[in-house]
Amino acid sequence: MIPVNEPILDGNEKKYLCECIDTKWISSEGPFVKRLEEGIAKVTQRKYAVAVANGSLALDLAVASLDLEPGSEVIVPTFTIISCVSAILRAKCRPVLVDCHPATWNLEAKSVEAAITTRTRAIMVVHIYGLPCEMDGIFNIAKKYKLKIIEDAAEQLGQYYKTTPCGNLGDISTLSFYPNKHITTGEGGMILTDDEKIAENAKSLRNLCFGPRRFYHEKIGWNARMSNLQAAVGVAQLEKLNENIKRKKMIGDYYNNNLQNIPGLTLPLRETSYARNIYWVFGIVMSEEMPWSSDEVIALFRKEGVECRPFFWPMHQQPVFRELRLGQPGQMPVSEWLAKKGFYVPSGLGLTFEDQKRVVEVVKGIFKNCKLTKNK
Ligand SMILES: *Cc1c(COP(=O)(O)O)cnc(C)c1O
């Protein structure tokens, strides 16, 4: 089976991990945590970086760090991971969902502006799969309505919007270091900001909101600390970031070059006016006329020894949010189409060229004789 993702751990990971063991520094107090924070702050050109246990907690802490009044509305794409919406809810705010663009799969300024009410206080932008959101329009709206921007850059470390690094596009931004991301710590995440007060809030929330006296609290926080072991892997991984991004582009370009002109398939855009695709994952979306759902086509790939994954399922169609009435079926058609018809093929950093050639063959084989119907 060709796995959908396999990380590469062939740099200094082992050496730095051994340093942790040899020095007995394994908790979050160890020196690699600071080194990773400084390294990430440097590549994202940020003043403050706060390492945390994973990307979902990074979002929880990021929203909480802004001290939004309970009941504030935060605009967020429906086509994203649940972590975005759960972070807003845990901060006692209300998520207001918007659809995405059919070619970039990202939220758009015009739908964000249409969703603004007197209670809107923030916009959560999420860069989806390989391209950053079109930010100039978002910046204008944030300025006009005095809104904070929370940037979920989990999938886009190493990407740029024009000349600004992703992770540097929000009042507060977050990263994930899960093994399918551009660098990994196994589990891990980072919060980024240039605002000293927000950074102090995030650090306090990360560490149970200890007061000046330990075990004395004015707020409830989390234990969201990253261990020195995780950070040691992260420091080694960061040394390879540029190489990793180059590899992701190569893999994505190879698929794009070899899968053109298959009727009924939408492939990722190579580039837009503001960014070149770095293909965090290589998504393929079938037209409505194709006979299979994403789950059905994934089963066909599995039979051929290729592991694929479905796209996100929209937040307005999640059973867990039914009571919240975040959107009606049919109201955000692009995200619903992506969910029903989208899947991604193996593109992990560990993918070999042979594997990639095989994936292309299998895609062509499956879709070659596919009859377009309209009954699903
Ligand atoms: C991976 C991811 C996260 C969550 O990160 P974890 O480290 O897995 O918790 C959040 N947002 C987006 C867009 C992601 O892709």
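The values are calculated or read from the model by the stated rules, or taken from the named source; none is laboratory data. Because the structure is predicted, anything quoted here is derived from the model rather than measured. Note that each Cβ is placed from the backbone with ideal geometry, even for glycine, and that neighbours are counted across all protein chains shown. Each accessible area value is taken on the protein alone, full model and side chains, heavy atoms only, with ligands, DNA and RNA left out. Shrake-Rupley method; radii C 1.70, N 1.55, O 1.52, S 1.80 Å.
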**Report entry** Residue in the stretch 29-44 that is within 11 Å of the ligand (Cβ to nearest atom), under 29 Å from Val235 (Cβ atoms) and in contact with a Phe, Trp or Tyr (Cβ under 8 Å, 6 or more places away or on another chain) present
**Finding:** no
Report summary line: Picked from the stretch 111-126 (must be part of a strand (DSSP E or B) and under 20 Å from the mean Cα position of the chain (by Cα)), the residue surrounded by the fewest Cβ atoms within 10 Å (Cβ to Cβ) is Ala122
Report summary line: Taking the stretch 127-138 and keeping only residues that are surrounded by fewer than 19 Cβ atoms within 10 Å (Cβ to Cβ) and either in contact with a helix residue (DSSP H, G or I) (Cβ under 7 Å, 6 or more places away or on another chain) or within 22 Å of Glu69 (Cα to Cα) (or both), one is left with Gly137
Query raised in the report: Can you name the residue in the stretch 181-198 that is among the β-branched types (Val, Ile, Thr) and within 11 Å of the ligand (Cβ to nearest atom) and is also surrounded by the most Cβ atoms within 10 Å (Cβ to Cβ) among such residues?
Result: Thr185
**Report entry** Matching residues, the stretch 242-277, being over 18 Å from Trp105 (Cα atoms), open to solvent by 90 Å² or more (accessible area, probe 1.4 Å) and either touching a helix residue (DSSP H, G or I) at 6+ places or on another chain (Cβ under 7 Å) or part of a loop (DSSP other than H, G, I, E, B) (or both)
**Finding:** Asn261, Pro263
Query - Scope the stretch 325-376; condition closer than 30 Å to Ile245 by Cα, within 27 Å of the chain's Cα centre (by Cα) and of a type in the set (A, V, I, L, M, F, W, C); matching residues - result: Val334, Trp337, Leu338, Ala339, Phe343, Val345, Leu349, Leu351, Phe353, Val359, Val360, Val363
Query raised in the report: Residues that are within 20 Å of Val112 (Cα to Cα) and modelled with pLDDT of 95 or more: which strands (runs of 3 or more DSSP E) entirely in the stretch 1-98 hold 3 or more of them?
Result: 73-77, 94-98
Report summary line: Result of the Cβ filter at 7 Å on the stretch 353-368, keeping first residues that are of a type in the set (Val, Ile, Thr) and partners that are open to solvent by 40 Å² or more (accessible area, probe 1.4 Å), at least 6 apart or interchain, is Val360/Asn258; Val362/Glu304; Ile366/Leu300
Query raised in the report: Given Glu29, Glu73, Glu108, Glu69, which one is crowded, with 20+ Cβ neighbours inside 10 Å, over 30 Å from Phe301 (Cα atoms) and among the acidic types (Asp, Glu)?
Result: Glu73
Requested in this report: Could you please find all residues in the stretch 154-180 being open to solvent by less than 30 Å² (accessible area, probe 1.4 Å) and at positive phi?
Outcome: Gly158, Gly167
Report task. State all residues of the stretch 321-347 that are touching a residue at least 60 places away in the same chain (Cβ under 8 Å) and loosely packed, with under 14 Cβ neighbours inside 10 Å; if no residue qualifies, say none. Result -> Pro333
Query raised in the report: So is Val98 touching a residue at least 40 places away in the same chain (Cβ under 8 Å) and within 15 Å of the ligand (Cβ to nearest atom) or not?
Result: no
